[in-house]
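Novice: Handing you this structure, nothing more for now.
The values are calculated or read from the model by the stated rules, or taken from the named source; none is laboratory data. Being a predicted model, the structure only gives us computed values, none of them experimental. Cβ atoms come from the backbone with ideal geometry, glycine included; neighbour counts cover every protein chain shown. These accessible areas exclude ligands, DNA and RNA; they are computed on the full protein's heavy atoms, side chains included. Shrake-Rupley method; radii C 1.70, N 1.55, O 1.52, S 1.80 Å.
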Amino acid sequence: MKLIKPSFEIWNQPAGLEGVYKQIERVGRVCYKSEDKITEDSAKPFVDRMIKSGHGAMLEHGTVYLLIPYEKAIDAIGDDWVHEQYAYNPYSVVAVYDNNYYITTNFRVLVENNWLDDLKYICEPTKYHEKRVTVRFICDRGVSHEFVRHRVFSFAQESTRYCNYSKDKFGNEITFIKPCFLDDSKLALYGPYHTVIRDKSPESIFIASLNNAEKDYIDLIDLGWKPQEARAVLPNALKTELVVTGFASDWNHFFDLRAKGTTGAPHPQAKELAEPLMKEFIARKYINN
């Protein structure tokens, strides 16, 4: 059994169309924890498989920035096709400056609408583009349930259906998240967290519960249960990886609820992640104060 603190990391997308593919693969491989399969040329085949299988959710994490001059936006009969396509698309944001269209969208939009020809207008983000940001959270399952309620985002999450935590790949043990409201000095008494101290403290009950959950999970796997069956005994404290991608304006709303508490006090473990992430967004000028 392993007990770790939660964390976050902002994942910047590499440049160009290849960067779109690489971002999609990096995010998609979180689900089955298959990052070891990433190679220098594995991204495009991975994306192609996602398209062929109809697994469009992963394609959403590839952010596409387009710059289309106004004169290119008028078709043969005089209609503004750019405005018709993207301004009314709920997953795209369009800004107009100096007779140019600055479009922020995602790769799924292009694939499912057969707009891949528009990739000839791909560019790096400018100050006129609405920025999309991808964040990888390491948190517990309870916090992840709160975060995925922000339905405007795109999500990818470590799968307990397919990840077998009894295997060497996971160190033959289960990783849990340390709640911020438990006493670090008391938790330190447990060493590698397999020591049982029967003092009826919250820390003692918490550690004993996690030890039991890990033992039961591994026993069920040994008895022939699949991970998707054995996961039933795992608690909310289970470590998960959750990747979230969204527009900067949507992240603002996320911070309102999970850091500032504009609608009520955030859960302490949600705020533990959201507050420092908000400060990082401000420092990077993704959002204003």
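Novice: Please say if region 137-272 is rounded, prolate or oblate, where rounded means a/c under 1.5 for a ≥ b ≥ c the square roots of the C-alpha gyration tensor eigenvalues, and otherwise the choice is prolate for a/b larger than b/c and oblate otherwise?
Specialist: In terms of gyration-tensor shape, oblate.
Novice: Then there's this: Å³ per residue of the Cα convex hull, for the chain?
Specialist: With only Cα atoms used, the chain gives 152 Å³ per residue.
Novice: Mind scanning LYS44/LYS226; LYS52/LYS120; LYS200/LYS226; LYS186/LYS279 and naming the pairs with a C-alpha gap bigger than 27 Å?
Specialist: In this structure, LYS44/LYS226; LYS200/LYS226; LYS186/LYS279 lie more than 27 Å apart at Cα.
Novice: Leaving out ligands, DNA and RNA but keeping every protein chain, what accessible area does SER249 have, in Å² rounded to the nearest 10, with a 1.4 Å probe?
Specialist: 60 Å²
Novice: Hey, what's the chain come to in accessible area per residue, 1.4 Å probe, Å²?
Specialist: Spelled out: the 1.4 Å probe surface of the chain, per residue, equals 51 Å².
Novice: Next up: Per residue of the chain, what 222 nm ellipticity follows from adding -39500 (n - 2.57) for every DSSP H run with n ≥ 4, rounded to the nearest 500?
Specialist: Result for the chain, helices only: -9000 deg cm²/dmol.
Novice: Normalising by the residue count of region 29-147, find the relative contact order in percent from Cα pairs under 8 Å and 6+ residues apart.
Specialist: Relative contact order for region 29-147 comes out at 26 percent.
Novice: For an R0 of 41 angstrom, estimate the FRET efficiency from the Cβ-Cβ distance between ILE51 and LYS167 and round to the nearest 0.05.
Specialist: Between ILE51 and LYS167 the formula returns 0.90.
Novice: Report the relative contact order of region 177-289, percent, no decimals, based on alpha-carbon pairs under 8 angstrom and at least 6 residues apart.
Specialist: Taking the mean separation of contacting Cα pairs over the length of region 177-289, I get 20 percent.
Novice: So, one more: Any aspartates and glutamates with Cα under 15 Å of the LYS72 Cα? List them, leaving off those in the same chain fewer than 8 positions away.
Specialist: Cα-Cα hits under 15 Å: ASP80, GLU84, ASP98, ASP117, ASP118.
Novice: Then there is this: Picking from TYR102, TYR162, TYR65, which is most flexible by a Gaussian network model of the chain using Cα springs under 10 Å?
Specialist: Looking only at TYR102, TYR162, TYR65, the largest GNM fluctuation is found for TYR162.
Novice: Another question about this same structure. Before anything else, pin down the relative contact order of the chain: Cα pairs under 8 Å, at least 6 apart, normalised by residue count, whole percent.
Specialist: 24 percent
Novice: Treat every Asp and Glu Cβ in the chain as -1 and every Lys and Arg Cβ as +1, leave all other atoms uncharged, and give the resulting dipole magnitude about the Cα centre to the nearest 20 debye.
Specialist: The calculation lands at about 820 debye.
Novice: Any lysines with Cα under 27 Å of the LYS285 Cα? List them, leaving off those in the same chain fewer than 8 positions away.
Specialist: Excluding near neighbours in sequence, the set is LYS5, LYS22, LYS127, LYS131, LYS260, LYS271.
Novice: Also, quick follow-up: Heavy atoms only, probe 1.4 angstrom, no DNA, RNA or ligands counted: give me GLU60, GLU158 ranked by accessible area, highest first.
Specialist: Ranked list, largest accessible area first: GLU60, GLU158.
Novice: Next question, about the same structure. Given a 1.4 angstrom probe, I'd like the percentage of the accessible area of the chain that is carbon and sulfur, rounded to a whole number.
Specialist: Solvent-exposed carbon and sulfur of the chain make up 50 percent of the total.
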